[in-house]
There are 2 protein chains.
Amino acid sequence: MEIKVVKKVLSVNDAIAEEIRRQLREKKVFMINLMSSPGAGKTLLLEKTISVLKKDFKLGVIVGDICTTRDSERLVRTGVPVVQLNTEPFGGDCHLAANLIQGALAELKLDKLNFVVIENVGNLVCPAEFDVGEDKKVVVLSLPEGDDKPLKYPLMFRVADAAIVNKIDLAPHLEVDQEKFVRHIRQINPEIPVFKTSAKTGAGLKPWLNWLTRQAKTKIQG
Amino acid sequence: MEIKVVKKVLSVNDAIAEEIRRQLREKKVFMINLMSSPGAGKTLLLEKTISVLKKDFKLGVIVGDICTTRDSERLVRTGVPVVQLNTEPFGGDCHLAANLIQGALAELKLDKLNFVVIENVGNLVCPAEFDVGEDKKVVVLSLPEGDDKPLKYPLMFRVADAAIVNKIDLAPHLEVDQEKFVRHIRQINPEIPVFKTSAKTGAGLKPWLNWLTRQAKTKIQG
């Protein structure tokens, strides 16, 4: 019985996600959904990403957290509009569902934007199950989490369109094999582009920014 | 309607958890439930913890993962019985529920044990919501995750009986304030014992092992 209800919730979610997708297509707005474990460095990566992309795009940001507005306080400093979604009133939900994104998009005023970034709740499991109408899903891992994570949390890597291995500046202090990390990601998703970055030092950001820019322009101009 | 069903699932779970608790009390078996984000270092911490505690206790281990048997393969090398629970057949569940623990305890043969360790699925959100009949819940954080995590995932820290801040060997390479980390944990749970450890170097393990031994002996001998 539980399973039936879960399926029903997911099919309601998918219908809203499709409606979002239709709306974004009509308005030529590109949207990415950034997901990771807690503490993989999503927010700093976004701060750096937004400060570059805002020269070329009209950006808006949706930040998901169970509670607190810490991440959105950091992101508003980039000067782009930010909507914070706290899932705590909804039972401390561990993911963003499509209905929350729909509400946030209405607040962001889509007519003035062409690029929306979602920073999902820190969780390597549940957000992977919820389509929110995005164009691309991106998973961020950090080197200290260990190279076995893609094999242990495969759904996230199966659904992702790109993977970022962050905090590579810590490599000299860890016994983590970067090549094994990438190999394990590709074992789950053979074609996925993988970017190795340090949001802290800026290393490796360029290929990621180029990829993202290309994806967005294809949608917006296409 | 969704909420009602979730409540029903939780109340079924709680009834099984109470049954487990009764059984453990009767057999004088102590059980801890170790929870963390993916990659916080639970498995290495357990390898070190078990290799010391097995001198004083008859241990059994239950390892939860969505898939793979990587962690249990590491833990069987400690020489104690290990049961691996994979939640993938149940929809890739992001937590261990009481019914799974009940099945695993039956396989472990409780009559031969007095101390059970559960390594939960790597997730800082959902496992906190599921009582599995344990005596103590322990949350493991790692320094690279950042000091804001207790404030962003408060339920986990509210329900925990002890907190471990792991990977302190990385402190010289991170801009993380350890005192702030502890302060944020205590902001959510003022009385909680906090242990700062490096499972890798062995630093700080002693106070954790002493605390754990004390809790277990109180139950087993009490």
Problem - In region A:174-186, the residues that are in a helix (DSSP H, G or I) and either in contact with a strand residue (DSSP E or B) (Cβ under 7 Å, 6 or more places away or on another chain) or surrounded by fewer than 16 Cβ atoms within 10 Å (Cβ to Cβ) (or both) - result: A:Gln178, A:Glu179, A:Lys180, A:Phe181, A:Val182, A:Arg183, A:Ile185, A:Arg186
Practice task
Please enumerate the residues belonging to region A:41-93 that are buried (at least 19 other Cβ atoms within 10 Å of the Cβ) and among the small types (Gly, Ala, Ser).
Solution key: A:Gly41, A:Gly60, A:Gly64, A:Ser72, A:Gly92
Practice task
Tell me which residues, restricted to region B:11-32, are of a type in the set (Lys, Arg) and either buried (at least 19 other Cβ atoms within 10 Å of the Cβ) or assigned to a loop (DSSP other than H, G, I, E, B) (or both).
Solution key: B:Lys27, B:Lys28
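In this structure, does A:Val139 turn out to be under 26 Å from B:Pro127 (Cα atoms) and either away from chain B (no Cβ under 11 Å) or assigned to a helix (DSSP H, G or I) (or both)?
Against the criterion (under 26 Å from B:Pro127 (Cα atoms) and either away from chain B (no Cβ under 11 Å) or assigned to a helix (DSSP H, G or I) (or both)), A:Val139 qualifies.
Yes/no matrix, rows are residues, columns are (1) closer than 16 Å to B:Ser142 by Cβ; (2) without any contact (Cβ under 8 Å) to a residue 12 or more places away in the chain:
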| position | (1), (2) |
| --- | --- |
| A:Gly122 | yes, no |
| A:Pro127 | no, no |
| A:Glu134 | no, no |
| A:Arg158 | no, no |
| A:Ile164 | no, no |
| A:Ile168 | no, no |
| A:Glu175 | yes, yes |
Completion exercise
A careful count of residues in region B:144-190 that are within 10 Å of another protein chain (Cβ to nearest Cβ) and of a type in the set (Lys, Arg) gives 3
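Let's see how each residue does on (1) part of a loop (DSSP other than H, G, I, E, B); (2) within 27 Å of B:Glu19 (Cβ to Cβ); (3) polar (S, T, N, Q):
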position	(1), (2), (3)
B:Gln84	no, yes, yes
B:Asp93	yes, yes, no
B:Leu105	no, yes, no
B:Val116	no, yes, no
B:Gly122	yes, yes, no
B:Asp131	yes, yes, no
B:Asp147	yes, no, no
B:Pro150	no, no, no
B:Leu155	no, yes, no
Practice task
Could you please give the count of residues in region B:26-43 that are within 14 Å of chain A (Cβ to nearest Cβ), within 17 Å of B:Val61 (Cβ to Cβ) and aliphatic (A, V, I, L, M)?
Solution key: 1
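State which residue is nearest to A:Cys126 (Cα to Cα) when the search covers only region A:49-91 and only residues that are of a type in the set (S, T, N, Q) and away from chain B (no Cβ under 14 Å).
Filtering region A:49-91 for residues of a type in the set (S, T, N, Q) gives A:49, A:51, A:68-69, A:72, A:78, A:84, A:86-87.
Still in the running and away from chain B (no Cβ under 14 Å): A:49, A:51, A:78.
Values: A:Thr49: 25, A:Ser51: 29, A:Thr78: 29 Å.
Once the filter is applied, the top-ranked residue is A:Thr49.
Can you find a residue that is within 14 Å of chain B (Cβ to nearest Cβ), acidic (Asp, Glu), over 22 Å from B:Asn166 (Cα atoms) and surrounded by fewer than 20 Cβ atoms within 10 Å (Cβ to Cβ) anywhere in region A:111-130? I'd like the intermediate steps shown before the answer.
Step one: list which residues in region A:111-130 are within 14 Å of chain B (Cβ to nearest Cβ), which gives A:119-130.
The next check asks that each one be acidic (Asp, Glu); those that pass are A:119, A:129.
Keeping just the survivors that are over 22 Å from B:Asn166 (Cα atoms) gives A:119, A:129.
With the extra rule that they be surrounded by fewer than 20 Cβ atoms within 10 Å (Cβ to Cβ), the set shrinks to A:129.
Checked against the condition, which is being within 14 Å of chain B (Cβ to nearest Cβ), acidic (Asp, Glu), over 22 Å from B:Asn166 (Cα atoms) and surrounded by fewer than 20 Cβ atoms within 10 Å (Cβ to Cβ), region A:111-130 yields at least one hit.
Bear in mind that the values in this text are calculations on the coordinates, not laboratory data. Because the structure is predicted, anything quoted here is derived from the model rather than measured. Ideal geometry is used to build each Cβ from the backbone, glycine not excepted, and the neighbour counts take in all protein chains shown.
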